[in-house]
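Every number here is computed from the coordinates shown, using simple stated rules; none is lab data. Note that the coordinates shown come from a computational prediction; the quantities given were computed from them, not determined experimentally. Every residue, glycine among them, receives a Cβ derived from its backbone with ideal geometry; neighbour counts consider all protein chains shown.
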Amino acid sequence: MTALSRRRFLIISAACAAATPLAASDARWHGTALGATASLRLVGLTDAEAAPIMAAMETEIARLENIFSLYRPQSQLSRLNRDGVLTAPAPELLKVLSLSSALHQASGGAFDPSIQPVWTALAAGTRPDDLVEVQQAIGWEKVIYDASAIRLPVPGKSALTLNGIAQGAITDRIADLLRAHGLRDVLVNMGEVAALGARGDGAPWKVGLAAPDQTVLKRIELNDRAVATSSTLATQISQGVGHIITLDGPSSRDRTVSVSAPKAAIADGLSTALCAASAGRAKEILEFFPDARIELNV
């Protein structure tokens, strides 16, 4: 599965139920989210009306980064990887680990968040043939977690990455937050897209599914549904070696998969799992998630 954070650009467009398609008052926010340039656009709200929503969103993104980020030294995930154990993990983290277990089972082990040490070794220049010692520290079935603690199998050597699923989970949380503020028609795009309701004109949200070079390969309509896209070679550890890694090593196949599902976390995890697994297992994997469907597989 992916072990490197993909570039993210956040655009959230939200329209109040009473807003017209050509509302003159648009409140806008620009900043950073998950280490990438981010922006927020609330259609039909004044700056004063939007201010508490934007403040709540900023606070929530920061809180979630302090759970899932691999690059914040004091995030829960970073502390777990450093110490080998994390007590009193956040409910959001446990929820993602539970979904990761389901994806691991569905994919026959291809989706494995414990693969992080392999990515780290490859990024440091270790040859794939010299990974035997590193591989002894991985294996999702060896990770123990419950509400009291998360424990890694080999402290100091084992580590998790949730970059193949956490972006979707964060997308879902931001969409839920905006909905809690009374915004019924919302499009959240953090690389993973969650579409609630419809556009201001009542039509479904339109989303382009793009290749790593940003070429739009297909356009779909979304209504109360999410979509995520993963590409094996979107980020390359070395020439022709993709960032999606399994126990068999890094992927060298050029493959792009988009999956839609009721939740962005499920779509995100499935798009990663389908890129990691053999193409022939797609139908079998989706049987575990009957509400999901493949939108693009090239």
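So how do 168-180, 218-230 stack up, highest first, on mean other-Cβ count within 10 Å?
The densest-packed peptide leads the list: 168-180, 218-230.
For segment 45-146, state the average projected area of the convex hull of the C-alpha atoms over all orientations, rounded to one decimal in nm².
Values: hull surface 37.4 nm².
That works out to 9.3 nm².
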Of 98-105, 263-270, 86-93, 277-284, ordering from highest average Cβ density within 10 Å down gives 263-270, 98-105, 86-93, 277-284
Output ³J(HN,Hα) for segment 277-283: one whole-Hz value per residue in order, computed from phi by the Karplus curve 6.51 cos²θ - 1.76 cosθ + 1.60 with θ = phi - 60°, and x for Gly and Pro. 7, 5, 4, x, 9, 4, 4
Of K95/K157; K263/K283; K95/K142, which pairs sit farther than 21 Å apart, going by alpha carbon to alpha carbon? K95/K157
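For segment 76-151, what is the relative contact order in percent, using Cα pairs closer than 8 Å and at least 6 residues apart in sequence?
Relative contact order for segment 76-151 comes out at 43 percent.
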From the backbone phi of segment 82-96, what are the Karplus-calculated ³J(HN,Hα) couplings (6.51 cos²θ - 1.76 cosθ + 1.60, θ = phi - 60°) in whole Hz, Gly and Pro given as x? 6, 9, x, 8, 9, 8, 6, x, 5, x, 4, 5, 5, 5, 5
Could you order peptides 61-69, 285-293 by the average number of other Cβ atoms within 10 Å of their residues, highest first? 61-69, 285-293
What length, rounded to one decimal in nm, is gained on full extension from K206 through to D129, with 0.36 nm per residue of separation minus their alpha-carbon distance? 23.3 nm
